[in-house]
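Notes follow once the structure below has been shown.
The values are calculated or read from the model by the stated rules, or taken from the named source; none is laboratory data. On a predicted model such as this, the values are computed, not experimentally measured, just so you know. Quick reminder, even Gly has a Cβ in these numbers, built from the backbone with ideal geometry, and neighbours come from all protein chains shown. With ligands, DNA and RNA removed, areas are computed over all heavy atoms of the protein, side chains included. Shrake-Rupley method; radii C 1.70, N 1.55, O 1.52, S 1.80 Å.
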Amino acid sequence: MTVDFLANIPSPPQAVWQLGPLPLRAYALCIIAGIIVALYVTQARYVRAGGDSNVVWDAAIVAIPAGVIGGRIYHVITDHHKYFCADCDPVDALRITNGGLGIWGAIALGTIAVAVMFKIRGIRLAPFADAAAPAIVLAQAIGRLGNWFNQELYGRPTDVPWALEIYRRVDEQGNYAPVTGTSTGEVLTTVHPTFLYELLWNVAVCLFLLWAHKRFRLGGGQVFALYVAGYTAGRFWIELMRDDEATLLFDAVRVNVVVAVVAFALALLAFVVLGKRYRRQVQEGRVDAEKPAADESSVNEAATESSGAD
């Protein structure tokens, strides 16, 4: 007698629940959960580095909306054919609740917004970026669960034991509604769960950053640069596995593959340059390697006192 074991990963039966007139979206809940975790992890790491915990919450106030806007802008630019065509409604580009946020744009604009705030307030950005890097990639891992609920961003069809089942979902009228509908139980296909691959990769990157930061005493923005390099390295091979609709460059290469390669190269360059700059600052006494987030004036005062100068 043989026993068959169901090893495939089931998709959730739905991704949206109605609480009266209010739609409760799993994707949004996953993003919010990721943000909350990221804030508390960043706060713990930044305070341990000598920073002010209030700075973390101030940064969140500008980073979160800037990240949402940047993510949407990137999505609309790279998928412009969905919003600007003969049969398209350009207003849909503003409807974030319909889905579509690009992590590249979110990180880029969020980082720029925080950098501007820090510049205005005279706060060093590098220690904060290094404290936040592991938290950001961990938040991305949590956010990927939203793609599981939405049955989106999956890979090519496969029959591996851990294949993801994609269900047919319909609305109350029986119309096909892959995101907002409810599963009928019909399996349309089984695919590579690339959301899970990226989730696991991001967790691994988070752990690697925590280890590397302590093991090699990285600073000056190196941890953040290493985060970008680590994330893009994984995104490169995961992107090659995806089978969903995407904008192609040269009619052959997914745009996110190209972005991953460019970002990876720039991140490695930044890691080397920032490392040399940070070591020079430590040697000159401009930065305290033990408390890199401490204000430079405090570091200089401590150096002066220790030298016995009047």
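Of note:
- Carbon plus sulfur fraction of accessible area for the chain, probe 1.4 Å, in percent: 65
- Taking GluC sites (Glu not before Pro) as exposed when DSSP calls them loop and at most 13 other C-beta atoms lie within 10 angstrom, the chain has its longest site-free stretch at 1-171.
- In order through the range 275-291: 3J(HN,Hα) via Karplus (6.51 cos²θ - 1.76 cosθ + 1.60), integer Hz, x for Gly, Pro: x, 5, 5, 5, 5, 5, 5, 5, 5, 7, x, 7, 9, 8, 4, 6, 10
- Taking amide hydrogens as placed 1.01 Å from N in the peptide plane, the amide H of Leu249 sits under 5 Å from those of Arg254, Val255, each at least 5 positions away in sequence or on another chain.
- Helix 194-215 axis, angle to the chain major axis (alpha carbon atoms, nearest 10°): 10
- Within the chain, the longest run free of trypsin sites (Lys or Arg not before Pro) that sit in a DSSP loop with at most 16 other Cβ atoms within 10 Å is 96-216.
- The amide H of Thr158, built 1.01 Å from its N in the peptide plane, has Thr190, Val191, His192 as neighbours under 5 Å, considering only residues 5 or more places off or on other chains.
- Reachable lysines, given that their alpha-carbon falls under 21 Å from the alpha-carbon of Lys214 and they are not under 8 places away in the same chain: Lys276, Lys291
- Karplus 3J(HN,Hα) series, Hz, for the range 156-166 with 6.51 cos²θ - 1.76 cosθ + 1.60 (x for Gly, Pro): 6, x, 7, 10, 5, x, 9, 4, 8, 7, 9
- Surface per residue (accessible, 1.4 Å probe) for the range 103-189, Å²: 46
- Angle of helix 103-121 to the longest C-alpha principal axis of the chain, folded into 0 to 90 degrees and rounded to 10: 30°.
- Cα centre as origin, Lys/Arg/Asp/Glu Cβ charges: the chain dipole, Debye: 840
- Positive-pole candidate from Val187, Gly155, Ala106, dipole of the chain, charges at beta carbon: Ala106
- Annotation: cysteines of the chain without a disulfide-compatible partner (Cβ-Cβ under 4.7 angstrom) are Cys30, Cys206.
- Antiparallel DSSP beta bridges within the chain, as percent of all bridges there, nearest 5: 95
- With loop membership from DSSP and a limit of 13 other Cβ atoms within 10 Å, the longest segment of the chain without chymotrypsin sites (Phe, Trp or Tyr not before Pro) is 6-83.
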